[in-house]
Amino acid sequence: MERIKTYKDFYKFYLTEHSDNTCRVLHFVGTSIIFIIAFFALYLSQPKLWISVPIVGYGFAWVGHFFFEKNKPATFKYPLWSLISDFKMFFQILTGKISFKNTND
């Protein structure tokens, strides 16, 4: 597969790699927990909590990919764009722009 050159094209690809409802739910839950951990790490001044952020974030996402979506996470080839896209998808789900049910967003 040829390398994707623009973020716009990447995000279209990213959404196709997250078309399974359970995978999207797991991404959403994992990202939600990341925000909770970040809040408490800052609020309680507990820098050790930051260690759990990638474990939780990638843990939920990779379960979604390996067991439900049955594909390889894009983060292995496009780490920064994948991270940005995870947050973008999270906020688009949160605001109703994309849904859990409709996988053709």
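Every number in this text was worked out from the coordinates using simple rules, so none of it is lab data. Computed from a predicted structure; not experimentally measured. Glycine gets a Cβ as well: all are built from the backbone with ideal geometry, and neighbour counts include every protein chain shown.
What residue, among those in the range 90-105 that are of a type in the set (S, T, Y) and without any contact (Cβ under 8 Å) to a residue 40 or more places away in the chain, is surrounded by the fewest Cβ atoms within 10 Å (Cβ to Cβ)?
That would be T95.
Looking only at the range 18-48, which residues are crowded, with 17+ Cβ neighbours inside 10 Å and of a type outside the set (K, R)?
Our first condition is that a residue be crowded, with 17+ Cβ neighbours inside 10 Å; within the range 18-48, this holds for 18, 20, 23-24, 26-28, 30-31, 34, 37, 41.
Hits for the range 18-48 are H18, D20, C23, L26, H27, F28, G30, T31, I34, I37, A41.
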